[in-house]
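The values are calculated or read from the model by the stated rules, or taken from the named source; none is laboratory data. Note that this is a predicted model, so its numbers are computed, not measured. Don't worry about glycine lacking a Cβ; one is built from the backbone with ideal geometry, like all the others, and counts go over all protein chains shown. Quick note on the areas: whole protein, heavy atoms, side chains included, nothing else; ligands and nucleic acids left out. Shrake-Rupley method; radii C 1.70, N 1.55, O 1.52, S 1.80 Å.
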Amino acid sequence: MARQKQPPTATAGTTFPTAEAVDIGKLVEDLDGMLTRLRLGAIREQLDGLLEEAARRQLNLREALAWLCAAEVASKEQRRLSMAMTIAHFPFVRTLEGFEFEAQPSIDPGKIRDLATCRWVANGDNMVLLGPPGVGKTHLEVALGREAVARGYTVQFTTAMELLGSLVKGQQQGMLEVRLAQYSKPKLLIIDELGYLPLEPQAGHLFFQLISRRYEQGSVLISSNRPVEEWDEVFGDQVVAAAILDRLLHHSHVVTIRGDSYRLREKRRSGLFRPQAGGSSSSGIGGVPPPTPAKEV
Ligand code: ADP
Ligand code: MG
C-alpha cells in the first residue's frame, strides 16, 4: 500500500501550546514577523495606534480583534479598489456626483442612478450611449465604470480606435485569439468614441467577433456620436453592422443625449462663442446631427 504523504510542516496537526507553556514575551517579539507572514500589513503598520484606541475605548478581547480585522479589511479593500482603477485605464477621474444633470435635460437622472447600481453589469447586459461631442458621454462612461469597480467588477476602458487597432494588429501577427481573449476578460468593457474616425475595412468583422464572444457573458458600454442607423457607414458594411447591433442591442440600455456641448457651453458663458444661427438646443455641434435612438429601453 502506498505510504501516505507526510504533511509539509512539522507543525501541521500539532496542537497549540497553552498560554502558560509559551514564552509570551518571545511571541510579542515575533509579532511583526507573524503579521507579515499572515499578510496583515495594515495591522502591522498601525498596531500601536490601533491598540491604543482599543484600550482607550476599553474594548474587550473579541471587540479588539474585530477592530483590528476591520482595519485590515478596509486597507485591503482600498488597495483592491486603487489597483482595479489603475487596471481599468480610465482617461481621467469623473464621478456621477460631478455630473450636472441640469446642464443636460435630455438625460433622466433616475435612469442613470439606476444604471449606477450596476445590475445591468451583473446580468451581462449592454449599454449604448449616443450623442454629439462634448455632451458628457465619456464623463458618464468613466463615472459608471468607477461604480462598477467599486462593486467589485473588473472593468476595462478603451477607445474604439485603440481596441480595433489592437485587433487588426493582432490578426496581422497571428495573435487575434490572444487579443480577443484579453478583451473578453473584463466583466465590463467600455468602448469610447465609436464613429469619430474611419475604421479599417476588416474592423467590422473583428468587432463582430468580439461582441459575439462577450454576448450574454460580459457587458459592453459603448459610446458613439453617430446614431445606430449610421453604423453601417461606420463599419463600412451593412450586414456586419446589423449583426453587431443585433447582439449589442438584444439586452441593452440605450441612453441618447440631445443637447449642447458642455465644453462649448462653458465657453459661451465666458463670451468666447455665440450660439449657432437659428440655434436650437439639439442642433448638434460641428455639423454632427443629433443622433436618434435605436431603441429606448
Ligand atoms: P463627450 O464624451 O460626449 O464628447 P465629455 O464627457 O468628454 O463629452 O465631456 C467634455 C467635458 O465636459 C468633460 O470634462 C466632462 O467632465 C464635462 N462635462 C460634460 N457634461 C457635463 C455635465 N453635464 N456636468 C459636468 N461636467 C460635464
Ligand atoms: Mg468622449
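What the table shows:
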item	result
Residues that are surrounded by fewer than 20 Cβ atoms within 10 Å (Cβ to Cβ), within 13 Å of ligand 2 (Cβ to nearest atom) and assigned to a helix (DSSP H, G or I), drawn from the range 145-161	M161
One residue from L245, L264, L199 being part of a helix (DSSP H, G or I), touching a Phe, Trp or Tyr at 6+ places or on another chain (Cβ under 8 Å) and modelled with pLDDT under 95	L264
L167 touching a helix residue (DSSP H, G or I) at 6+ places or on another chain (Cβ under 7 Å), within 14 Å of ligand 1 (Cβ to nearest atom) and open to solvent by less than 10 Å² (accessible area, probe 1.4 Å)	no
Pair list, Cβ under 9 Å, 6 or more apart: the range 211-233 residue at positive phi, other residue in a helix (DSSP H, G or I) and buried (at least 17 other Cβ atoms within 10 Å of the Cβ)	E216/R247
Selected residue (criterion: farthest from ligand 2 (Cβ to nearest atom)) from residues of the range 119-144 that are β-branched (V, I, T) and in contact with a Leu (Cβ under 8 Å, 6 or more places away or on another chain)	V121
Elements of type helices (runs of 4 or more DSSP H) in the range 1-102, at least 3 residues being among the hydrophobic types (A, V, I, L, M, F, W, C) and modelled with pLDDT of 95 or more	31-37, 41-56, 61-88
Some residue of the range 132-144 being within 16 Å of ligand 1 (Cβ to nearest atom), buried (at least 16 other Cβ atoms within 10 Å of the Cβ) and in a strand (DSSP E or B)	no
